Amino acid sequence: MAMIDFFDRGWSINPHGPAYIQDERSYSFNEVGELSCRIANALLATGLPKETKGAVWAMNDTTAWACALGLWRANMCWLPVGARNAAEENRYVLDQFDCEVLFYQAYFADTIASLQAQLPKVRHWICIDGATPQVRQSIALDDWIAGQPASKPHVRVDMDDVVAVMPTGGTTGAPKGVMNTHRGYQAAFAHFLMACPYGPEEKPVTLAAAPMTHTAGLLSLPVTCRGGTVIILSKPDPALMLAAIARHRVTEIFLPPTVIYRLLDIPDINMKIDFSSLRYFMYGAAPMSVDKLKQAIEVFGPVMTGGYGQTEAPGSISTLLPGEHVHAGRLASDARLSSVGRPNPLVQVEIMDDDGRILERGQSGEICVRGDLVMKGYYKEPAKTAETIIDGWLHTGDIGCIDAEGYLHITDRKKDMIITGGFNVYPSQVEQVIWGHPAVQDCAVIGVPDAQWGEAVKAVVELNAGQQVTADELIALCKAQLGSVMAPKSVDFVAQLPRSPSGKVLKKDLRASYWQGQGRKI
């Protein structure tokens with residue numbers, strides 16, 4: 001299936017049903033489908049070829065998402081930019097990845113006007129919600145699509161055409177552009193459809209609380225495919241999110257662990273909110289504390305659904321299904337709960353050493369992935385592509401192992417591993433112990449320069465509101481469970497850890513202040 005086919009399948013089986021609900025306004029499949037057709041026909045009328053890069057700079061919004069659908073319907077290429085990103089970061093992405101069409105909300109018009117001179121490749125400036133004279137040569141969406149037919153254009157599609165250039169998170173340097181294809185997303189969505197089954201007459205309801213420019217938007221398509229409904233939150237407000245779950249009888253939701261932790265901090269949350277409609281509470285994008293995962297199962301029910309993916313293998317390398325969080329009627333072992341599940345059916349996963357040899361079960365090495373899910377490559381970076389995809393295997397840069405039961409465990413990112421006194425320390429193992437302390441909201445473990453050991457283990461910790469723990473107490477906890485080599489030598493407390501828009505802790509930014517002037521590449 002091509003990318004737009006996942007929307008069109010839902011359109012065909014539920015044309016008058018609600019495809020999206022935003023701010024109590026319901027949009028039917030017919031309404032959004034016809035709008036996306038008019039946008040696609042307007043794009044094709046410009047004469048731009050397939051795989052032309054088009055971006056949507058907007059908050060969560062139904063019309064903005066229809067613009068992305070229109071790009072795919074014209075077999076053009078979506079270039080996500082985050083509404084919460086710094087303007088300079090979005091400027092870099094738009095210019096570096098050759099954006100030619102920019103859809104945007106009027107709210108961002110002043111920012112876009114200030115960047116316009118630095119974006120010479122953009123040829124079409126389209127405001128989705130009105131006129132913005134401060135942006136030169138701009139046109140309102142309604143005017144731009146006026147007279148365009150609401151019928152589906154006939155466009156030839158090759159499954160290996162690039163439909164998205166996704167910026168990497170930038171946690172280890174300037175973003176690279178990951179080229180994902182119709183074929184890759186077809187495999188990803190097939191995994192989600194298999195992992196989250198519904199009955200033939202059931203219509204799923206998903207809550208797009210996270211940015212639709214990231215995981216939430218892509219995860220909406222398997223729901224749309226079944227004729228289901230996407231509840232769009234215009235702003236990331238926890239109160240609105242919780243109210244929407246009960247009001248709209250939401251059946252599935254994705255949130256990064258950091259947001260889940262904050263929900264768990266709300267006193268008696270399960271007594272205040274009706275979560276009975278939830279079938280799948282998906283978490284991912286960053287490691288999750290096992291202790292907080294157990295708490296989440298108690299609060300939300302046996303619906304937690306873990307997953308592991310990368311921008312280079314979108315969203316679905318492996319899945320820890322709701323039923324795998326329990327065993328024989330009880331919570332599964334910590335070892336299983338700390339895993340990211342078993343590899344999904346349409347992808348091959350192996351653990352390899354530095355020479356590319358496949359390792360035995362239980363041995364630790366680099367997680368490597370092969371199959372349709374894997375990206376086409378990095379945009380205009382053939383050398384980096386060749387370093388990352390070797391003999392068809394995507395080298396993820398993640399260190400891990402597969403246990404005797406086939407569950408995949410991620411130890412750490414290769415670049416995050418700490419070498420202290422000749423010993424390898426994987427930060428995630430230390431983080432799991434610190435997360436288990438009731439005073440800790442979140443933490444990150446990094447290596448910092450040390451004259452004796454080369455690198456010393458440091459923990460940077462966010463505390464829960466109104467709670468306290470000392471550095472000595474956390475160090476002693478780690479020593480008791482992990483030994484002195486892996487225990488932090490020091491602990492810093494911060495009000496908030498630096499995070500990407502998807503919730504990942506930016507360890508590169510954390511390390512930078514400690515390694516400044518040390519001659520080490522961060």
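The values are calculated or read from the model by the stated rules, or taken from the named source; none is laboratory data. Please read all numbers here as calculations on a predicted model, not as lab measurements. Here Cβ is always computed from backbone atoms with ideal geometry, including for glycine, and neighbour counts include all displayed protein chains.
Counting only helices (runs of 4 or more DSSP H) wholly contained in region 208-282, the ones carrying 2 or more residues that are of a type in the set (G, A, S) occupy 215-225, 238-247.
Residues in region 131-157 that are within 30 Å of the chain's Cα centre (by Cα), more than 21 Å from F29 (Cα to Cα) and surrounded by 12 or more Cβ atoms within 10 Å (Cβ to Cβ): V157 only.
Please note which strands (runs of 3 or more DSSP E) are completely contained in region 137-200 and include at least 2 residues that are in contact (Cβ under 8 Å) with a residue 24 or more places away in the chain.
Of the strands (runs of 3 or more DSSP E) lying wholly inside region 137-200, those with at least 2 residues that are in contact (Cβ under 8 Å) with a residue 24 or more places away in the chain span 162-167, 177-181.
Taking the listed residues G406, G466, G400, G447, the one that is without any contact (Cβ under 8 Å) to a residue 12 or more places away in the chain and outside any helix (DSSP H, G or I) is G466, with no other qualifying.
Take L240 and tell me if it is surrounded by fewer than 20 Cβ atoms within 10 Å (Cβ to Cβ), touching a helix residue (DSSP H, G or I) at 6+ places or on another chain (Cβ under 6 Å) and more than 30 Å from P382 (Cβ to Cβ). No: the conditions fail for L240. Selection over region 227-259 of residues that are under 16 Å from the mean Cα position of the chain (by Cα), closer than 23 Å to Q22 by Cα and modelled with pLDDT under 90 gives a count of 4.
Which is in contact with a Cys (Cβ under 8 Å, 6 or more places away or on another chain) and surrounded by 17 or more Cβ atoms within 10 Å (Cβ to Cβ), of A444, A459?
The conditions single out A459.
Scanning region 355-395 for residues that are modelled with pLDDT of 95 or more, closer than 20 Å to R413 by Cα and of a type in the set (S, T, Y) returns Y378, T385, T388. Per the listing Q105, Q118, Q134, the residue uniquely in contact with a helix residue (DSSP H, G or I) (Cβ under 9 Å, 6 or more places away or on another chain) and over 30 Å from T311 (Cα atoms) is Q134. The single condition among (1) farther than 24 Å from P501 by Cβ; (2) exposed (fewer than 15 other Cβ atoms within 10 Å of the Cβ) that K203 does not meet is (2). Taking the listed residues T168, T172, T111, the one that is at pLDDT 95 or above and of a type in the set (V, I, T) is T111, with no other qualifying. Selection of region 295-350 for residues being among the charged types (D, E, K, R) and buried (at least 16 other Cβ atoms within 10 Å of the Cβ) yields E312, E324, R336, R342, E350. Consider region 1-48 and keep the residues that are surrounded by fewer than 18 Cβ atoms within 10 Å (Cβ to Cβ) and of a type in the set (A, V, I, L, M, F, W, C). The one that is nearest to H182 (Cα to Cα) is M1. Counting residues in region 33-48 that are outside any helix (DSSP H, G or I) and either in contact (Cβ under 8 Å) with a residue 12 or more places away in the chain or of a type in the set (F, W, Y) (or both) gives one or more.
Among the listed residues D472, D442, D492, identify the single one that is assigned to a helix (DSSP H, G or I) and either not hydroxyl-bearing (S, T, Y) or not assigned by TED's automatic domain parsing to the domain that holds N85 (or both). Only one candidate qualifies: D472.
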